């Protein structure tokens, strides 16, 4: 949607977004029916990830809600409606946390309270998102006109995002199976702290995409130079923030967790720097999307995930838990380097001049 928004006019844009909504609804229904039928015959998925079939089905409903909400937030992001974006995103977070705290602290539920809070927050704001679309004259439509175009551009991105999810989750699954569930808990605490850098990168990328696509479509040297200078400034800033947080993060962790989790501090630096690579990775993904080279992006993500799996398997057995952090660091670094290279090749930019302009 970010790519096509600046190309299409009002009615065409509304139809395009309606087609995307139709895609999300169709995919979610197919997935729901598949898991529902599959659960009648086997507990394969629930045994694989140690989650009940009922929770898997609930996760699909929540994921559908999150996808629709994300689409509305993207719409606000593209239209530069920062207040609307902040209000919707923050109210949803407040509702999520408030319901969870009430169910855990007052009612006495444990993990069930957190799951219910997430589900309630997502389903409630699904209704809000649908109202926003209705007010913008956007309706769910069967993807006839733009369906093929959305699929050709979107399917490789779906594969890439699914592979990316595996890339981020595989270390926890392998730790659980090769070392133990308790070790997964310790590693996850350190990983969460390191993911602070991911939040910084994600926040910036939300502002970056509209800026990038709005300027790149102009095909002007001045606009390209503006993009290049912003890229250099962001990369330097992200590296500095990542290094500072990576080095100081463990001291923050000591103030926030019990002594039994102090060992998680050793993972923060590597995970923080891994997500520094991830932030740089996101900067250059836009070039591949703009040039409709999403297949290249999918192959890069897949290769990064393979590197992650192989390194986790080797390093977890050789050097223990810290091996998972090294595997994440290396695989994210490989993905970032390949994406930067591919992005620079498919869409040449004035990188040398931009660098000189930035430092001058």
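Taken together, the residues in region 295-321 that are over 24 Å from the mean Cα position of the chain (by Cα) and part of a helix (DSSP H, G or I) amount to 7.
Per-residue answers, yes or no, for (1) farther than 26 Å from residue 241 by Cα; (2) at pLDDT below 80:
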| residue | (1), (2) |
| --- | --- |
| 176 | yes, yes |
| 180 | yes, yes |
| 192 | no, no |
| 207 | no, yes |
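For region 312-338, the set of residues classified as over 18 Å from residue 169 (Cβ atoms) and buried (at least 22 other Cβ atoms within 10 Å of the Cβ) consists of 336 only. Pick from 191, 254: which is assigned by TED's automatic domain parsing to the domain that holds residue 325, in contact with a helix residue (DSSP H, G or I) (Cβ under 8 Å, 6 or more places away or on another chain), more than 30 Å from residue 76 (Cα to Cα) and crowded, with 16+ Cβ neighbours inside 10 Å? Only one candidate passes the filter, namely 191. Here residue 230 does not qualify as farther than 28 Å from residue 165 by Cβ and free of Cβ contacts under 8 Å to residues at least 12 places away in the same chain.
Looking only at region 322-360, count how many residues are outside any loop (DSSP other than H, G, I, E, B) and either modelled with pLDDT of 90 or more or closer than 25 Å to residue 164 by Cα (or both). Residues meeting the conditions: 25. Here residue 75 meets each of (1) out of contact with any helix residue (DSSP H, G or I) (no Cβ under 7 Å at 6 or more places or on another chain); (2) free of Cβ contacts under 8 Å to residues at least 40 places away in the same chain with one exception, condition (2). Of everything listed in (1) crowded, with 16+ Cβ neighbours inside 10 Å; (2) over 30 Å from residue 288 (Cβ atoms), the single unmet condition for residue 260 is (1).
Residues checked against (1) under 27 Å from residue 288 (Cβ atoms); (2) at pLDDT 85 or above; (3) touching a strand residue (DSSP E or B) at 6+ places or on another chain (Cβ under 8 Å):
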site	(1), (2), (3)
4	yes, no, no
23	yes, yes, no
32	no, yes, no
38	no, no, no
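Screening the candidates 228, 236 for the property of being farther than 23 Å from residue 76 by Cα, modelled with pLDDT of 80 or more, part of a helix (DSSP H, G or I) and in contact with a helix residue (DSSP H, G or I) (Cβ under 6 Å, 6 or more places away or on another chain) yields one hit, 228. Annotation: residue 73 fulfils all but one of (1) closer than 23 Å to residue 206 by Cα; (2) more than 20 Å from the chain's Cα centre (by Cα); the unmet one is (2). With respect to the stated conditions, residue 162 is free of Cβ contacts under 8 Å to residues at least 12 places away in the same chain and assigned to a helix (DSSP H, G or I). Take residue 160 and decide whether it is in contact with a helix residue (DSSP H, G or I) (Cβ under 8 Å, 6 or more places away or on another chain), surrounded by fewer than 18 Cβ atoms within 10 Å (Cβ to Cβ) and over 22 Å from residue 247 (Cα atoms). No: the conditions fail for residue 160. Residues in region 216-225 that are out of contact with any helix residue (DSSP H, G or I) (no Cβ under 6 Å at 6 or more places or on another chain) and either surrounded by 15 or more Cβ atoms within 10 Å (Cβ to Cβ) or in a helix (DSSP H, G or I) (or both): 221, 222, 224. As for region 128-144, it holds no residue that is surrounded by fewer than 18 Cβ atoms within 10 Å (Cβ to Cβ) and within 19 Å of the chain's Cα centre (by Cα). Under the condition of being without any contact (Cβ under 8 Å) to a residue 60 or more places away in the chain and in contact with a helix residue (DSSP H, G or I) (Cβ under 7 Å, 6 or more places away or on another chain), the residues counted in region 344-360 number 1.
The values are calculated or read from the model by the stated rules, or taken from the named source; none is laboratory data. These numbers come from a predicted model, not from an experiment. Quick reminder, even Gly has a Cβ in these numbers, built from the backbone with ideal geometry, and neighbours come from all protein chains shown.
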